[in-house]
1. Determine whether the range 45-56 contains at least one residue that is closer than 30 Å to PRO170 by Cβ, surrounded by fewer than 18 Cβ atoms within 10 Å (Cβ to Cβ) and either at pLDDT below 95 or within 16 Å of the ligand (Cβ to nearest atom) (or both).
2. With the condition being in contact (Cβ under 8 Å) with a residue 40 or more places away in the chain, I'd like the strands (runs of 3 or more DSSP E) fully within the range 166-249 carrying at least 3 qualifying residues.
3. Tally time: how many residues in the range 178-190 are under 19 Å from the mean Cα position of the chain (by Cα) and more than 14 Å from the ligand (Cβ to nearest atom)?
4. Please work out if THR144 is within 28 Å of VAL305 (Cα to Cα), crowded, with 17+ Cβ neighbours inside 10 Å and modelled with pLDDT of 95 or more.
5. Mind checking which residues of the range 146-165 are charged (D, E, K, R) and assigned to a loop (DSSP other than H, G, I, E, B)?
6. Can you work out which of the residues in the range 250-276 that are part of a loop (DSSP other than H, G, I, E, B) and either outside the structural domain of GLU181 (by TED's automatic domain parsing) or surrounded by 14 or more Cβ atoms within 10 Å (Cβ to Cβ) (or both) is farthest from the ligand (Cβ to nearest atom)?
7. Taking the conditions exactly as written (modelled with pLDDT under 95, within 14 Å of the ligand (Cβ to nearest atom) and either closer than 30 Å to HIS42 by Cα or of a type outside the set (A, V, I, L, M) (or both)), does TYR169 satisfy them or not?
8. Just for the range 277-319: of the residues that are closer than 22 Å to LYS196 by Cα and in a strand (DSSP E or B), which one is nearest to the ligand (Cβ to nearest atom)?
Amino acid sequence: MNILVEKSTCQKAKPDEKNLGFGQHFTDHMFVMDYTEGKGWHDPRIVPYGKIALDPSAMVFHYGQAVFEGLKAYRNKKNPDEILLFRPKSNFERLNVSNDRLCIPPIDVDFALSALIELVKLEKDWIPREEGTSLYIRPFIIATDPFLGVRPSYTYKFMIILSPVGAYYPEGLNPVKIYVEDKYVRAVRGGLGYTKASANYAASIKAQMEAKEKHYTQVLWLDGIERKYIEEVGTMNIFFVIGDEIVTPMLNGSILAGITRDSVIQILKHEGYKVSERQISIQEIYEKHQSGELKEAFGTGTAAVISPVGELNWDDNVISISNGKIGRISQKLYDLLTGIQTGKIDDPFGWTIKIK
Ligand code: COI
């Protein structure tokens, strides 16, 4: 399929790279493609970034058939003219996993990647250069059929928008404080937890707001049935360093299979660490903290990168970790992962795709 390109007639002023924040600025163009039952995906195009018109009865507004992805483009530190994408195919493959669960038709992964490459090339000047910044890429699909009955939509829009970003959390690489959520649940097995459905994030907001009132940045979700086992932190997967073992909850059907999570597991194994994907109860974390064996905790995610956790609050038991400082392993991982992503160090895993 040929991608039609309609260039914007005016270019927006670029934001201050030192104060990008997250998800506040959008580039000049976006990618759009439509789906119609019987016709498949059609009319791929790159057009000026702007509003889209949808019927108020569009199914996404009523039944939430919406999925998304998040990945990043970086300037190669060794050659700032070259763009690097980090494991982009994995994101489009995961989008299809989400699509399948929400009865959204699959996209062609190779085509989506070629569309992304064309868009990113056109928007190259928007990729920031400052340390710790990148161009965040947000592919998403919404159901557009004007219909109020409950069934899968017959029409969809697949779009990719781009946003130059800095750190996701205002704390940057400083440790975040996390509230262990035991009132609300994010997901249960058999539900949407393993997908990147927008609904998962809608379900998380109330807990996040209540945690914020208590001065916590995010919540740590427990399993939806026993409220005992650790799952994830809504915007990131979670790892703990316990003695000489690095543990993370195993993928059980209600946890997102993070691409950063997978990369971190592979990097840690490559560096000779012992990594276990297993069930971890919050009680165990509390006990390992009491016994002094809990050395570090950190979150992993595309937006969050590596985010050290300095404190967990579980039912008013305060678990303070690494004296509120970034731990040795968290720092090492951050340096290795961002080093690979930005071309500062060689990529022994073949994860990065170079675009000229
Ligand atoms: C990402 O890390 O890319 C995410 O999708 C998390 C997000 C909701 C900001």
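The values are calculated or read from the model by the stated rules, or taken from the named source; none is laboratory data. Just so we're clear, the structure is a prediction, and the values are computed from it rather than from any experiment. Using ideal geometry, Cβ is built from the backbone for each residue, glycine included, and neighbour counts are taken over all protein chains shown.
1. no
2. On the way: elements: 176-181, 218-221, 237-242, 245-248.
Output list reads 176-181, 218-221, 237-242.
3. Step one: filter the range 178-190 for residues under 19 Å from the mean Cα position of the chain (by Cα), giving 178, 186-187.
Remaining after also requiring more than 14 Å from the ligand (Cβ to nearest atom): 178, 187.
So the answer is 2.
4. Values: within 28 Å of VAL305 (Cα to Cα): no; crowded, with 17+ Cβ neighbours inside 10 Å: yes; modelled with pLDDT of 95 or more: yes.
Taking the combined requirement at face value, the residue does not satisfy it.
5. Initial filter on the range 146-165 (charged (D, E, K, R)): 151, 157.
The answer is ARG151, and nothing else.
6. Start the filter on the range 250-276 by keeping residues that are part of a loop (DSSP other than H, G, I, E, B), which leaves 250-258, 271-273.
Those left that are additionally either outside the structural domain of GLU181 (by TED's automatic domain parsing) or surrounded by 14 or more Cβ atoms within 10 Å (Cβ to Cβ) (or both): 251-252, 254-258, 273.
Numbers: LEU251: 17, ASN252: 20, SER254: 17, ILE255: 14, LEU256: 9, ALA257: 13, GLY258: 8, TYR273: 23 Å.
Selected residue: TYR273.
7. Working: modelled with pLDDT under 95: yes; within 14 Å of the ligand (Cβ to nearest atom): yes; either closer than 30 Å to HIS42 by Cα or of a type outside the set (A, V, I, L, M) (or both): yes.
So TYR169 fits the description; yes.
8. GLY301
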